[in-house]
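The values are calculated or read from the model by the stated rules, or taken from the named source; none is laboratory data. Small disclaimer: the values here were computed from a predicted structure and weren't measured. Ideal geometry is used to build each Cβ from the backbone, glycine not excepted, and the neighbour counts take in all protein chains shown. Heads up: the accessible areas ignore ligands, DNA and RNA and are worked out on the full protein's heavy atoms, side chains in. Shrake-Rupley method; radii C 1.70, N 1.55, O 1.52, S 1.80 Å.
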Amino acid sequence: MEFEGTVFKILPVLKGTSARGEWQRQDVVFDVPEGTFSHKICVTFFNKPDDVARLKVGAEYKVSVNVESREYKERWYTDIRAWRLQEKVSEPAVPPMPEMPPFGSEEPAYASTPETDDLPF
């Protein structure tokens with residue numbers, strides 16, 4: 001799943017140690033526009049400190065995530081984990097139109113040649 005959004009807030013790093021070794025997790029809240037409204041999505045970056053270091057509040061990114069829910073003691077919890085982050089490239093601006101001479105200032109080249117009548121009648 002992918003979405004494009006603006007970084008709203010970068011939350012503090014959480015670190016710990018498990019049976020598999022040390023881990024690091026950091027949550028980032030994105031503001032995602034949808035029509036006239038916007039929604040906040042909290043995305044977890046698990047063991048990805050380099051990706052989070054690149055983020056800037058207010059910048060736009062394209063984020064690829066995995067969404068997964070699990071049950072614990074008859075309650076359901078949903079994780080949104082990022083697996084790819086791309087800085088959104090802004091679309092190039094349309095080049096301005098070349099400046100045109102003022103109307104009536106010059107006669108076009110075709111107007112100065114004499115007109116020849118090549119019609120049969």
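Hey, does the stretch 54-64 have a residue that's outside any strand (DSSP E or B), at positive phi and over 15 Å from the mean Cα position of the chain (by Cα)?
Taking every residue of the stretch 54-64 in turn, none turns out to be outside any strand (DSSP E or B), at positive phi and over 15 Å from the mean Cα position of the chain (by Cα).
Assess whether residue 114 counts as being within 24 Å of the chain's Cα centre (by Cα), at pLDDT below 65 and open to solvent by 90 Å² or more (accessible area, probe 1.4 Å).
no
Would the stretch 19-27 turn up any residue that is among the acidic types (Asp, Glu), at pLDDT 95 or above and surrounded by 16 or more Cβ atoms within 10 Å (Cβ to Cβ)?
Yes, the conditions are met somewhere in the stretch 19-27.
What are the pairs, 6+ residues apart or on separate chains, where a residue within the stretch 63-79 that is more than 24 Å from residue 51 (Cα to Cα) has its Cβ under 7 Å from a residue that is surrounded by 10 or more Cβ atoms within 10 Å (Cβ to Cβ) and among the aliphatic types (A, V, I, L, M)?
Qualifying pairs under 7 Å: none.
Which residues, counting only those in the stretch 48-62, are out of contact with any Phe, Trp or Tyr (no Cβ under 6 Å at 6 or more places or on another chain) and either touching a residue at least 12 places away in the same chain (Cβ under 8 Å) or among the β-branched types (Val, Ile, Thr) (or both)?
Selection gives 48, 49, 54, 55, 56, 57, 58, 59, 60, 61, 62.
If a residue must be under 15 Å from the mean Cα position of the chain (by Cα) and exposed (fewer than 10 other Cβ atoms within 10 Å of the Cβ), how many such residues does the stretch 39-53 contain?
Counting residues in the stretch 39-53 that are under 15 Å from the mean Cα position of the chain (by Cα) and exposed (fewer than 10 other Cβ atoms within 10 Å of the Cβ) gives 0.
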